[in-house]
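First the structure, in the form of structure tokens, and then the observations on it.
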Amino acid sequence: RPVGTPPAVVLTFDDGYEDYLTAAVPFLLDQGVPSTVYVITSLLAGCGRSFPFASGRGLRSLSGRQVRQLAREELVTVGAHGHRHRRLVGQPESVLEEEFGACRAALGELLGCSDFHFAFPWGVADRRALDATRRHFRSAALAGSRGNRLPLDPFHVARIPIKREAPGLFARRVRGDLMLEGVARSLRDRLLRGGAGVPS
């Protein structure tokens, strides 16, 4: 950002939980705040399906009809979060092309366009996965504990994860004071997932 200008904040929501539509969007629209929701496209068929990972168990996903409703809102951007929410570190080219292609095709059929932003499941990627997103999407977002500075590679956008936490910790995250946390998470992910993940 130019010197002297205030920092810009972009609000993003992963996975496509139904309460993004019922709780977050009404408040954000009332405040005039734009946001992006990254959806898992395999869950959009039907209504309120369950998520395939522990933190989403028992929670309802957005339906295709609800995603179309969101896409009509001027302040809402619908992005892609994978077709099956697979970990994409260490995957062969064929799996990446299948996952990205199915995801983009499902959203394209639903919304009538083909130009989408992407957020990596669990916020991690390796070089092969990042290169593949350049063939399918407008941008790629990863987890991180830092802000973004210009010039910015749109396929390496860092995001600061925010969960339920005290206001003081929330403020520190937004300021980018917890960079070491991001480094530690990146190293942990590389060890646990057996891939050379791109540091956040």
Here is a check on your reading of the model: is residue 66 part of a helix (DSSP H, G or I) and surrounded by 15 or more Cβ atoms within 10 Å (Cβ to Cβ)?
yes
- Item | Residue within segment 69-83 that is crowded, with 16+ Cβ neighbours inside 10 Å, in a helix (DSSP H, G or I) and touching a residue at least 24 places away in the same chain (Cβ under 8 Å) present | yes
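Can you confirm whether residue 129 is at pLDDT 95 or above and surrounded by 20 or more Cβ atoms within 10 Å (Cβ to Cβ)?
yes
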Problem set entry | residue 140 vs. criteria more than 29 Å from residue 31 (Cβ to Cβ) and touching a helix residue (DSSP H, G or I) at 6+ places or on another chain (Cβ under 9 Å) | no
Note: among 27, 53, just one is open to solvent by less than 80 Å² (accessible area, probe 1.4 Å), among the aromatic types (Phe, Trp, Tyr) and over 15 Å from the mean Cα position of the chain (by Cα), namely 53
In the set 186, 145, 139, the lone residue that is hydroxyl-bearing (Ser, Thr, Tyr) and modelled with pLDDT of 80 or more is 139
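The values are calculated or read from the model by the stated rules, or taken from the named source; none is laboratory data. Computed from a predicted model, the values in this text were never measured in an experiment. Heads up, the Cβs are rebuilt from the backbone with ideal geometry, glycines too, and the neighbour counts pull from every protein chain shown. For the accessible areas, the whole protein counts, side chains as well, though only heavy atoms, and no ligand, DNA or RNA atoms are used. Shrake-Rupley method; radii C 1.70, N 1.55, O 1.52, S 1.80 Å.
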